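Encoded as structure tokens, here's the structure I'll be asking about.
Quick note: the coordinates plus some simple rules give every number you see, no bench work behind them. Just so we're clear, the structure is a prediction, and the values are computed from it rather than from any experiment. A quick note on method: Cβ atoms are made from the backbone with ideal geometry, for glycine too, and the neighbour counts reach across all protein chains shown.
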Amino acid sequence: MSWRLKSLAELSKYDLNGLSAQVQRATPKPTKYNAHRFEADGIKWDSKLEYAHYLVLRQEESAHQIFDLSVHQPFGLLASDGETKVAAIEIDFVFWTADGDFHAEDTKSAATRRLPTYRLKKRLFEIQYGTKIVEILRAGVRP
């Protein structure tokens, strides 16, 4: 009897004497927009851009230009009734300036900043929290 499997997915259909066939990837699954996830300073970063911008903000915090830097801060987005949570957004960096202003910065690629879901959540955040999200396209460079 001669036969061939067309794919590893096809192998999973067969019960191999009660053993389940599990195939593990040699490398992690690539991200949707080819960003390289990694861990540094005890924090998991979604991209090298995000980590590079974090280093810039840490220098500003050390120089007392910004205060209370927070990373990957989640915010709930409420419906117009002010009570019903309809979505959530995770902002990469939030902090206070010496002037007492609250700032939110999000590192984005050109592709991810155009996504309709992100644009909607960004707009809801800006209305609800009264501050603009600054999109960082290059580390240390604010538009």
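Count charges around residue 39 for me, please; just the other residues with Cβ under 14 Å from its Cβ, Lys/Arg as +1, Asp/Glu as -1.
It works out to a net charge of 0.
Counting only residues 5 or more places away or on other chains, whose amide H sits under 5 Å from the amide H of residue 66 once H atoms are built in the peptide plane?
61
For the pair residue 97 and residue 37, how long in nm is the line joining their label points, each one 7 Å along Cα→Cβ?
3.4
If I take R0 = 30 Å and measure r between the Cβ atoms of residue 63 and residue 118 in this structure, what FRET efficiency does the formula 1/(1 + (r/R0)^6) give, to the nearest 0.05?
0.45
A follow-up question, please. Tell me, what ³J(HN,Hα) does each residue in the range 50-60 have, in order and in whole Hz, if you take phi through Karplus 6.51 cos²θ - 1.76 cosθ + 1.60 with θ = phi - 60° and put x for Gly and Pro?
For the range 50-60, the Karplus-derived couplings read 4, 5, 4, 5, 4, 4, 5, 5, 5, 5, 5 Hz, x marking Gly and Pro.
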